[in-house]
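K.L.:
Please see the structure below; I have some questions.
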Amino acid sequence: NTSEPLLEVKGLQAWYAAAQALFDVSLQIRQGEVVALMGRNGAGKSTTMKTIMAMMSRRAGQVRFMGQDISAWPTHDIASSGLGFVPEDRRIFTALTVSENLLVGRQGARAWPDGTPAPYWTVEQLFELFPNLRDMQQRLGSQMSGGEQQMLTVARSLMGNPYLVLLDEPSEGVAPVIVEQMAHMILELKARGVSILLSEQNLHFAELVCDRAYVLEKGVIQYEGTMAELDANESVRRAYLSV
Ligand code: ATP
């Protein structure tokens, strides 16, 4: 069924021990869309991604991906079905080199449901996307800056040839030159048909790369619209964003 969204999340709730962090999160992403998940610190952006990935032990709600209900799947099955996640805290292997980190993420080629080939990333293509990584192929993860580690985390997740990537605040706390490469990378993924859910606090960065936005506050989706609609809506921006 090609009219079904790639990812459909309905009524997500999640808890940290007894404290409820998500109350009602519903969103949809169609194939090829880049969608922003916006909101201030603590609004629940990271928790939404972790809940989609089944990384929250106490959670409720429905997650459908590529036409299947994945709500009860374990995290590794969700990841290997083609849903990539790049967490905020860069998860690279610090004792491995850049090249070794990439090879650890390698998964096989995928096809779309209609049988056409889905995006497939070679190490060479990833080095074209992130030229800095090519220059430091033999460097250990532990010897990279935070921004470089962030790029490597993204590149490693692309080695899994995902249909959709959840990107948690890739522009946060990294140098402007790396933010620029992140924006370029996101547009390149979009051009290849990869969908993205981008957690972001910075409206300017989201406007550069996103088609639409959902705005979260206190674990509830408070607003959804196109980037142009959000930009024009001063009361929503004032209420829920830091701009
Ligand atoms: P940030 O931009 O800071 O990552 P966010 O929008 O991603 O913000 P979350 O990290 O999802 O927000 O946090 C949502 C709520 O859950 C906040 O109230 C936060 O304090 C709480 N929370 C997050 N992580 C934990 C944790 N490990 N234990 C307990 N509470 C947590």
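The values are calculated or read from the model by the stated rules, or taken from the named source; none is laboratory data. The structure displayed is predicted, hence computed values, not measured ones. Counting neighbours? That spans all protein chains shown, and the Cβs are built from the backbone with ideal geometry, glycine included. Quick note on the areas: whole protein, heavy atoms, side chains included, nothing else; ligands and nucleic acids left out. Shrake-Rupley method; radii C 1.70, N 1.55, O 1.52, S 1.80 Å.
K.L.:
Would you confirm whether any residue within region 116-127 is part of a loop (DSSP other than H, G, I, E, B) and within 16 Å of the ligand (Cβ to nearest atom)? If you could, list the steps in order and put the result at the bottom.
P.N.:
Taking region 116-127 and keeping what is part of a loop (DSSP other than H, G, I, E, B), we get 116, 118-122.
Remaining after also requiring within 16 Å of the ligand (Cβ to nearest atom): none.
Within region 116-127, not a single residue is part of a loop (DSSP other than H, G, I, E, B) and within 16 Å of the ligand (Cβ to nearest atom).
K.L.:
Residue under question is residue 142, and the condition is that it be part of a helix (DSSP H, G or I), farther than 16 Å from residue 40 by Cα, in contact with a strand residue (DSSP E or B) (Cβ under 7 Å, 6 or more places away or on another chain) and not acidic (Asp, Glu); does it hold? Full working, then the answer.
P.N.:
Values: part of a helix (DSSP H, G or I): yes; farther than 16 Å from residue 40 by Cα: yes; in contact with a strand residue (DSSP E or B) (Cβ under 7 Å, 6 or more places away or on another chain): no; not acidic (Asp, Glu): yes.
When the stated conditions are applied, residue 142 does not pass them.
K.L.:
Which of the residues that make up region 145-173 are modelled with pLDDT under 90, surrounded by fewer than 21 Cβ atoms within 10 Å (Cβ to Cβ) and assigned to a loop (DSSP other than H, G, I, E, B)?
P.N.:
145, 172, 173
K.L.:
Condition first: touching a residue at least 24 places away in the same chain (Cβ under 8 Å), outside any helix (DSSP H, G or I) and either crowded, with 20+ Cβ neighbours inside 10 Å or within 11 Å of the ligand (Cβ to nearest atom) (or both). Now tell me which residues in region 26-52 satisfy that.
P.N.:
Result: 27, 29, 34, 35, 36, 37, 38, 39, 40, 41, 43, 44.
K.L.:
When only residues in region 174-202 that are part of a loop (DSSP other than H, G, I, E, B) and within 16 Å of the ligand (Cβ to nearest atom) count, which is least open to solvent (accessible area, probe 1.4 Å)? Quick ask: steps written out before the conclusion?
P.N.:
Filtering region 174-202 down to residues part of a loop (DSSP other than H, G, I, E, B) leaves 174-175, 192-194, 201-202.
Subset that is within 16 Å of the ligand (Cβ to nearest atom): 174, 201-202.
On the way: 174: 20, 201: 42, 202: 70 Å².
Looking at the filtered set, the residue picked out is 174.
So that you can scan it fast, the table gives a plain yes or no per residue for (1) of a type in the set (Phe, Trp, Tyr); (2) in contact with a helix residue (DSSP H, G or I) (Cβ under 6 Å, 6 or more places away or on another chain); (3) touching a residue at least 40 places away in the same chain (Cβ under 8 Å):
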| residue | (1), (2), (3) |
| --- | --- |
| 114 | no, no, yes |
| 118 | no, no, yes |
| 123 | no, yes, no |
| 126 | no, yes, no |
| 129 | no, yes, yes |
| 132 | no, no, yes |
| 135 | no, no, no |
| 143 | no, no, no |
| 146 | no, no, yes |
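K.L.:
Would you be able to tell me the number of residues in region 80-112 that are touching a residue at least 60 places away in the same chain (Cβ under 8 Å) and either within 14 Å of residue 7 (Cβ to Cβ) or among the basic types (Lys, Arg) (or both)?
P.N.:
6
K.L.:
Condition (residue is modelled with pLDDT under 95, assigned to a loop (DSSP other than H, G, I, E, B) and open to solvent by less than 20 Å² (accessible area, probe 1.4 Å)) applied to region 88-106: is it met by at least one residue?
P.N.:
For region 88-106, residues modelled with pLDDT under 95, assigned to a loop (DSSP other than H, G, I, E, B) and open to solvent by less than 20 Å² (accessible area, probe 1.4 Å): present.
K.L.:
If I filter region 203-243 down to residues being in a loop (DSSP other than H, G, I, E, B) and open to solvent by less than 50 Å² (accessible area, probe 1.4 Å), which single residue comes out as nearest to the ligand (Cβ to nearest atom)?
P.N.:
Out of the qualifying residues, it is 219.
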